[in-house]
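Presented below is the structure to which this report refers.
The values are calculated or read from the model by the stated rules, or taken from the named source; none is laboratory data. Treat the numbers as computed from the prediction; the structure is a model and nothing was measured. Here Cβ is always computed from backbone atoms with ideal geometry, including for glycine, and neighbour counts include all displayed protein chains.
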Amino acid sequence: MSSAPALVLEHVHKSFDKREVLKGIDLSVAEHEVVCLIGASGSGKSTLLRCVNLIEPIDGGRIFVGGREVTKRGLDVNEVRRGIGIVFQSFNLFPHMTVLENVTLGPRKARRLDRAEADAQGVELLRRFGLEDRRSDYPDRLSGGQQQRVAIVRALAMQPQLMLLDEVTSALDPELVAEVLSVIRELAEGGMTMLIATHEMSFAADIASRVCFLDQGVLLEEGRPEEIFRSPSNPRTQEFLRRIIAAGRL
Amino acid sequence: MEGDRRSRILGGMSSDARSVTIALASTVVFFAVLVLVITSSPGWPEVKAAFFNREVFSDAFPEVLRAFWLNIKIFCVAEVFILAFALVIAVLRSLPGPVFFPLRALAIVYTDFFRGIPTILLIFILGFGVPALGLSGVPTSALVWATVALIIIYSAYVAEVYRAGIESVHPSQDAAARSLGLSRAQSLRYVVVPQAVRRVVPPLLNDFIGLQKDTALVALIGPVEAFRQAQIDTSATFNFTPYVAAALIFVAFTIPLARLTDWLNERSRRRRLAAGIAP
């Protein structure tokens, strides 16, 4: 087991045109740690995750995954992404492929497993998350909750060391949120290292080893969930949580 | 009031049967009037003799139909090359980043240039020009080069259709593929292009119809296809009826394609509606 943290961000800056979205983020995630990012919409949570996955190039700072700098020039980004799973708010399943094909595309094409091996591994994962009977269906036949669970399985099929979850329940009907959260909880209990952007405060309080509050591109406050949710020290965190509680979300 | 009167006339009919009856009646009336206007015109007897001669028609029709076989062969061979070549151009044009600028520029110049040049001119230039070069190992048949001209022109159009399809696939699909560690080329190959092609099948068929008609242009540099055969028959009989025969054959071939295009369009519209996406 390596001693380096699973993920380190050093002074990460990111701008879209003139608008600075991340203003020097420092963050470290240890192995098997579950870190939740909270904050208002537009605070930079999603951008942060997309930067870690190298979907968005950063403008300044450095990012290390498993002790290796991934923001170095000339690095094979495809190889880096294979080790990092990301799940999006809007699922982004491939509509022209069956559930099993969605799950096995990465292993077959990026990890070059043969079809039989990839299928066996994919079916096993689908079984673990109660989706095996859906393997031959196309995504549009599935409920939102099932689609998001397939998206999680698709990311897991690459056997990532780190999972990034970008508000994975925000696009779901309320009655479908629980099934997705229970999958994430199972992953956390299995020791998966995760960085989760979420609006589900009680879920964050329950599952996170650490909660980070992001405000206008700045990481204002971080700590154990009971500290952040019960006695936040920063006035902006207090204000944010007051509004969340007023909305009945905590 | 209006509704009352109609329901009295067509009393007891279901609304479907009533629509069919109305459509049928208005069609019959429309064409009856049209035929009446044409046949009562002062020049009709001469036109009828020159274009609708029964005897000439039954002589010419089998010959023109036999010659039409060449149109079908040109169409099929050209279509295969167009589908492949146009996709290459469209993919080149959608490559991102400054490194690929020369390829993108090349694709843009290609589509601009060959959509601008009249098909008939390129057929003349290639059909007469290339064989005249006398290069060894290069085919000298006018037919081959006329077909190449059709491939070049239509690839420019079809490339634009493909490109519209590629651009209609949401960027989040590419992001999802890339996030799994697929390369840019793999994402195009397995995720973006398959979805793009499915979406552009109806407009592609539309271009097929255009190509099918334009195979007649090949006649202008020599090969005897349906139009040329009709021309030969016309000059032999001093009667234009063979052209009518050729026109009917072309129409008979394109109508099924047109119906198929409409049906596919309607199906994809229904699917988009069912998926809750704005059409």
Neighbours by Cβ (under 7 Å, 6+ apart or cross-chain): first from the stretch B:180-202, touching a residue at least 40 places away in the same chain (Cβ under 8 Å); second surrounded by 18 or more Cβ atoms within 10 Å (Cβ to Cβ) and of a type in the set (S, T, N, Q): B:Pro202/B:Thr261
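Just for the stretch A:133-143: of the residues that are farther than 17 Å from B:Gln173 by Cα and within 13 Å of chain B (Cβ to nearest Cβ), which one is surrounded by the fewest Cβ atoms within 10 Å (Cβ to Cβ)?
Taking the stretch A:133-143 as the starting set, the residues that turn out to be farther than 17 Å from B:Gln173 by Cα are A:133-137, A:141-143.
Now restrict to residues that are within 13 Å of chain B (Cβ to nearest Cβ): A:141-142.
Numbers: A:Arg141: 12, A:Leu142: 18.
Looking at the filtered set, the residue picked out is A:Arg141.
Quick grid of which residues meet (1) surrounded by fewer than 18 Cβ atoms within 10 Å (Cβ to Cβ); (2) more than 14 Å from chain A (Cβ to nearest Cβ); (3) closer than 17 Å to B:Leu83 by Cα; (4) in contact with a Cys (Cβ under 9 Å, 6 or more places away or on another chain):
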| position | (1), (2), (3), (4) |
| --- | --- |
| B:Ser183 | yes, no, no, no |
| B:Val193 | no, no, yes, no |
| B:Ala196 | no, no, yes, no |
| B:Leu204 | no, yes, yes, no |
| B:Gln229 | no, yes, no, no |
| B:Asp233 | no, yes, no, no |
| B:Thr237 | yes, yes, no, no |
| B:Ala245 | no, yes, no, no |
Residue check, A:Glu20 closer than 18 Å to A:Ile84 by Cβ and acidic (Asp, Glu): no
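Yes or no, residue by residue, for (1) within 14 Å of the chain's Cα centre (by Cα); (2) among the polar types (S, T, N, Q); (3) modelled with pLDDT of 95 or more:
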{"residue": "A:Gln146", "(1), (2), (3)": "no, yes, no"}
{"residue": "A:Ser170", "(1), (2), (3)": "yes, yes, no"}
{"residue": "A:Ala178", "(1), (2), (3)": "no, no, no"}
{"residue": "A:Ala188", "(1), (2), (3)": "yes, no, no"}
{"residue": "A:Met201", "(1), (2), (3)": "no, no, no"}
{"residue": "A:Ser209", "(1), (2), (3)": "no, yes, no"}
{"residue": "A:Leu219", "(1), (2), (3)": "no, no, no"}
{"residue": "A:Glu226", "(1), (2), (3)": "no, no, no"}
{"residue": "A:Asn234", "(1), (2), (3)": "no, yes, no"}
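Any residue at all in the stretch B:165-177 that's in contact (Cβ under 8 Å) with a residue 24 or more places away in the chain, surrounded by fewer than 18 Cβ atoms within 10 Å (Cβ to Cβ) and away from chain A (no Cβ under 13 Å)? Don't jump to the end; show me each part of the working.
Taking the stretch B:165-177 first, the residues in contact (Cβ under 8 Å) with a residue 24 or more places away in the chain are B:165-169.
In the following step, the residues that additionally are surrounded by fewer than 18 Cβ atoms within 10 Å (Cβ to Cβ) were identified as B:167-168.
From the residues that got through so far, the ones that are away from chain A (no Cβ under 13 Å) too are B:167.
Yes, some residue in the stretch B:165-177 is in contact (Cβ under 8 Å) with a residue 24 or more places away in the chain, surrounded by fewer than 18 Cβ atoms within 10 Å (Cβ to Cβ) and away from chain A (no Cβ under 13 Å).
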Filtered residues of the stretch A:85-115 (kept if more than 18 Å from A:Glu132 (Cα to Cα), part of a loop (DSSP other than H, G, I, E, B), within 8 Å of another protein chain (Cβ to nearest Cβ) and within 17 Å of the chain's Cα centre (by Cα)): A:Phe88, A:Ser90, A:Asn92
Selected residue [at pLDDT 90 or above and either in contact with a Pro (Cβ under 7 Å, 6 or more places away or on another chain) or not small (Gly, Ala, Ser) (or both)] from B:Arg93, B:Arg5: B:Arg93
Test set (1) away from chain B (no Cβ under 12 Å); (2) part of a helix (DSSP H, G or I); (3) of a type outside the set (A, V, I, L, M, F, W, C); (4) under 30 Å from A:Val8 (Cα atoms) - A:Gly191 fails condition number: (2)
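State whether the residues of the stretch A:60-82 include one that is facing chain B (nearest Cβ under 10 Å) and aromatic (Phe, Trp, Tyr).
Just the residues of the stretch A:60-82 that are facing chain B (nearest Cβ under 10 Å), to begin with: A:76-82.
Next, only the ones that are aromatic (Phe, Trp, Tyr) stay: none.
The answer is no; no qualifying residue exists.
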Members of the stretch A:229-250 that are surrounded by fewer than 14 Cβ atoms within 10 Å (Cβ to Cβ) and among the basic types (Lys, Arg): A:Arg230, A:Arg242, A:Arg243, A:Arg249
Those strands (runs of 3 or more DSSP E) lying entirely in the stretch A:16-76 with at least 2 residues touching a Pro at 6+ places or on another chain (Cβ under 7 Å): A:19-29
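Return yes when B:Val130 is in the same structural domain as B:Pro202 (by TED's automatic domain parsing), without any contact (Cβ under 8 Å) to a residue 24 or more places away in the chain, surrounded by 17 or more Cβ atoms within 10 Å (Cβ to Cβ) and assigned to a helix (DSSP H, G or I) and no when it is not.
Numbers: in the same structural domain as B:Pro202 (by TED's automatic domain parsing): yes; without any contact (Cβ under 8 Å) to a residue 24 or more places away in the chain: yes; surrounded by 17 or more Cβ atoms within 10 Å (Cβ to Cβ): yes; assigned to a helix (DSSP H, G or I): yes.
In short, yes.
With respect to A:Ala204, is the statement that it is in contact (Cβ under 8 Å) with a residue 24 or more places away in the chain, within 19 Å of A:Gln89 (Cβ to Cβ) and assigned to a helix (DSSP H, G or I) true?
Working: in contact (Cβ under 8 Å) with a residue 24 or more places away in the chain: yes; within 19 Å of A:Gln89 (Cβ to Cβ): yes; assigned to a helix (DSSP H, G or I): yes.
Here the answer is yes, as A:Ala204 does meet what is asked.
Among A:Ser2, A:Ser28, A:Ser43, which is the only one that is surrounded by fewer than 21 Cβ atoms within 10 Å (Cβ to Cβ) and either under 17 Å from the mean Cα position of the chain (by Cα) or at pLDDT 95 or above (or both)?
Values: A:Ser2 fails: either under 17 Å from the mean Cα position of the chain (by Cα) or at pLDDT 95 or above (or both); A:Ser43 fails: surrounded by fewer than 21 Cβ atoms within 10 Å (Cβ to Cβ).
Going through A:Ser2, A:Ser28, A:Ser43 in turn, just one is surrounded by fewer than 21 Cβ atoms within 10 Å (Cβ to Cβ) and either under 17 Å from the mean Cα position of the chain (by Cα) or at pLDDT 95 or above (or both): A:Ser28.
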Answer residue from the stretch B:91-127, given it is assigned to a helix (DSSP H, G or I), of a type outside the set (Lys, Arg) and within 19 Å of the chain's Cα centre (by Cα) and is surrounded by the fewest Cβ atoms within 10 Å (Cβ to Cβ) among those: B:Gly116
